[in-house]
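The values are calculated or read from the model by the stated rules, or taken from the named source; none is laboratory data. None of these values were measured; they are calculated from a predicted model. Cβ atoms come from the backbone with ideal geometry, glycine included; neighbour counts cover every protein chain shown. Ligands, DNA and RNA are excluded from the accessible area calculation, which covers all protein heavy atoms including side chains. Shrake-Rupley method; radii C 1.70, N 1.55, O 1.52, S 1.80 Å.
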Amino acid sequence: TRLLDSLVSPTAPAPAMLVLGVMRQRARKWWRQASRHALLASLLLWASAFRANGFEALPCTATTVDCGMQFFQEVYEQFMKAESEIVIMPYFLKPDLKIFSSVPGQPPDTSLGELIVQVVKRRVHVWLMGWDNIASEKFLPFHQDTLYERLFEAAGEDHEYLHLILDTGRALTSSVYYIPHIKSYVFDRKVAFVGGIDFGENRLDTPAHVRPDPRLVQVDVDDDHMTGNEKPWEDVMVRVDQATAEHVAMVLVERWWTYCRSEGYLRSQASRPLDALADALWGIPKSFHASLWKSYQCAKLPPAGKLGVLDLKIVPSKSGHTSSSTQHELRVPSLKLQSKGLPESDPLDDVLVSGSSQQVVLRGLRGLDRDLPDAVTFSLSGVEVTTSSATVTRTPLPNGDVLESRWLPNGFTPEQITGQTCRLALSGDRSWLGVSKQLEENYGDHIEIIRTAKRFVFIENQYFSTNFHSDTKECAHANIRGKALLYSGATNQVGQEILNRIKEAARARSNFSIAVVVPLGTEPGSFYPNLRGTYCFEQTMEAVWQEEKFDSDWRDYFGFYFLANAVEAPPSFGGPGTGFYGIFTHTKIIVGDDEAAVVGSANINDRSMNGDRDAEVGVLIRGGAYPRQLRETILDHQIGDHKLIDPDNFVKSLNKAVFENAKALDESTGIKFPEGTYTRGGVTQHLFGLKGVKTLFSMQLEPDEQPSVLEYPDSRVVAGGGGLDTFKWFVVPDAKPPKLHGLLFPWSRAIWGLPQMTSVTQAYSGAFNWRRLSASNETSSWTDQHSQSLLV
């Protein structure tokens, strides 16, 4: 438009000005279109930046491991078969807890500690890398120092095969709040398990989540363990093999090496006397124990990983001047892929014979943010050779022989990387991963799957703490303290991406939809962030539909769901009747169109997604049968039969199944979802309450009515949000258990309502996240403003 203005005089005749006006309009239209394309391109570049560094996607076999009973059985079998090395990177473990069964299907009779001692006595190296920060022993009951010492002592004279380390971070100052949240295990670098299951507490469970169950960990029956079992635990691991398993092991290798060369290790060793004194003052048991194992943490370092293969063939000279015994000296220098501060790998020396073919495996340290090279340079008989992965390189040798060489990164040619592939998805920075660049691959993979899916996205996650735009009164100004009614603080954009994708589908009248399974109740630390995220997202969906004037139903495009069960309660456990309870969902998966899936340790919150806080490990699987197999396996357990779901109408067909479950539960027990009510004797009450807190639901009741059947914290515990092991159920007297198809139910914000929250920081906290509304005028005013937004 500026160019056009410069070409036409202001005194030009009217026809010229008319033409100029038309050209201006077209120029502006073109600019708007170009701007949109430029924005899209920048967003794609932004998404691709998440994968600028890190491990490659490689052919793989992947299998879903659904819940702890299957996981512990498979791990037990791997311990029995291990020949040389076992890698354990846990977030949490209890070495003395019996969670393994020597006979499948029978109660557990073996502990992790016992398995470790057995294999080290077979001369199998066990590399166990835990973590430690200021909070782990002071505020959380993670007394790993003592646990590791017991393992060290149990290994006896074979302790040289048991390698223990507590990663305290690589910085000079210790982490107080953030941690390596990794749950990954590798056997002989051939088989790896990646996901969310630890070796502890109630992780031993089945997809049926039945209580009581004699096959699970048994505890004394008391008020906190009403059936003699711990709380139900839904979780998923992915089992991967070969090259991907090697990559998982290399995460431990690089973490171990970088920690042992860091200021953090020197700090932790120097501060051992002071730490022991502080622990003693805090009342931590055996604080002044010698902890001999700590002197061996860096005495031996894990062996480097496989970087690739040099495929070499020496073709004899046609002149006949060479014989089959002619030797050529090979030297391959270090590829220099190690993290900053680590030593280079030694060069590889070998001898090749004329007429021979050989695959030379190159091993070395590899920074978790370092790419493998496309070409490798080496020397053979004094001749420098550079060979790439693209094609075979032919190089004449001084004696007339010809070398045919090719570089195979990770041992694969580019042509072999087809079909189903696996790639590690890492989150973290130098503190826990030793990298120079912050990695946000879990974040990027989630966003890419959401953006590129054409039919559906299926998410199951412990958290839904994410940022998205909302103009509703409760949820606006989400990250502005003092101005937000319901403060969020989350900065990751997973929620915004979901919202954008749903609006795009609704405008196009496509059948695309997104389903998200979250816990009905969680432990205190995540209780408010989850309620705020789900409450505000559902309310925002309603607001978007009103604003855009869509004539469709938003519930056909998006849905929140939760897992729960209702089983027979015998007289000895509070019956006769039906016991209802929520199932704690700890899974971290996302599936898009049955074409891509991520399974790992990353939650949908800032700690896992942002890359500068907790460290996470996941696996992105593309192509092949696995993404579909993952979804179908989970839905078989959660709705009885995955065939009930139409992938082209995912949420609509899922709603039909879960509302049938809700109807069966209501008819049998009077518990009604998604309303969150309980009816008995003609009286309807809200089921879940928040003690001392005015919820949206309770404000609408008459003063003399009972606001809820279960008051907080019992309400949260029955919903599946007890502590590490607490389990309570709500018994409906004399009711027969409903005939459910799976365990999935519809969620709505009516189940809990939501109180106001103070502007106090959201740490791992419970009560101080809430503002108690005791003044009658404040209560009535807030109710008048916001009660209409409640879904009933």
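Structure above, values below:
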read-out	value
Heavy atoms of Val353 accessible to a 1.4 Å probe, total area in Å² rounded to 10	50 Å²
Across Lys588/Lys652; Lys313/Lys336; Lys231/Lys473, pairs whose alpha-carbon gap is larger than 31 Å	Lys231/Lys473
Cβ-derived FRET efficiency at R0 45 Å, Thr146 paired with Lys656, nearest 0.05	0.30
Reference-scaled alpha-carbon Rg (2.2 N^0.38 Å with N residues) for segment 491-537	1.39
3J(HN,Hα) from dihedral phi, segment 649-659, Karplus parametrisation 6.51/-1.76/1.60, rounded to Hz, x for glycine, proline	9, 4, 5, 4, 6, 5, 4, 4, 5, 6, 6
Ratio Rg/Rh [Cα only; Rh per Kirkwood] for segment 187-277	1.16
Lys336 - accessible surface, heavy atoms, 1.4 Å probe, Å² rounded to 10	110 Å²
In order through segment 593-604: 3J(HN,Hα) via Karplus (6.51 cos²θ - 1.76 cosθ + 1.60), integer Hz, x for Gly, Pro	6, 6, 10, 8, 8, 10, 10, x, 9, 7, 7, 8
Burial ranking of peptide ranges 224-237, 55-68 (average Cβ count within 10 Å, highest at the top)	224-237, 55-68
Kirkwood hydrodynamic radius of segment 314-393, from inverse mean 1/r over distinct Cα pairs, in Å	14.5 Å
Relative packing of peptides 590-598, 78-86 - highest average C-beta neighbours within 10 Å first	590-598, 78-86
Listed peptides 458-468, 480-490 by packing density, highest first (mean Cβ within 10 Å)	458-468, 480-490
Convex hull volume per residue for segment 704-747, taking Cα atoms only, in Å³	135 Å³
Amide H partners (placed H, <5 Å) of Ala735, local residues excluded	Thr578
Sum of side-chain charges, Glu201 neighbourhood, beta-carbon under 11 Å (Lys, Arg +1; Asp, Glu -1)	-1
Amide H contacts under 5 Å for Thr110, placed H, 5+ residues apart	Ile99, Phe100, Ser102
Shape parameters for segment 95-248, alpha-carbon atoms, Rg then Dmax in Å	17.2, 48
Largest to smallest principal axis extent of the C-alpha atoms in segment 257-407, angstrom	83, 29, 20
Placed amide H near Arg370: partners under 5 Å, 5+ positions off or other chain	Gly54
Relative contact order computed over segment 334-476 (Cα-Cα under 8 Å; 6+ residues apart), in percent	16 percent
Percentage, to the nearest whole number, of Cα pairs in segment 555-644 over 20 Å apart	55 percent
Whole-angstrom Cα spans of segment 406-506 along principal axes, big to small	63, 40, 21
Calculated diffusion of segment 523-595, Stokes-Einstein form, Kirkwood radius summed over Cα pairs, 4 °C and 1.567 mPa s, µm²/s	81 µm²/s
Kirkwood-Stokes translational diffusion coefficient of segment 485-636, alpha-carbon pairs, 20 °C, 1.002 mPa s, µm²/s	119 µm²/s
Square roots of 5 times each gyration tensor eigenvalue, C-alpha, segment 419-571, largest first, Å	25, 22, 21
For Lys672, solvent-accessible area (1.4 Å; no DNA, RNA or ligand), Å²	80 Å²
Dimensionless Rg over Rh [segment 600-681; C-alpha; Kirkwood]	1.13
Relative counts (whole %) of C-alpha pair distances in segment 376-464, using bins that are 5 Å wide	3, 10, 12, 12, 11, 13, 11, 9, 7, 6, 4, 2, 1, 0
Segment 322-442: Cα Rg divided by the 2.2 N^0.38 Å rule of thumb	1.29
Rounded D (µm²/s) - segment 163-229, Kirkwood Rh over Cα pairs, Stokes-Einstein at 25 °C, 0.890 mPa s	156 µm²/s
Listed residues Glu675, Glu415, Glu384, Glu201 arranged by accessible area, highest first, probe 1.4 Å	Glu384, Glu415, Glu675, Glu201
Net charge, Ile314 excluded, C-beta distance under 9 Å - Lys, Arg +1, Asp, Glu -1	-1
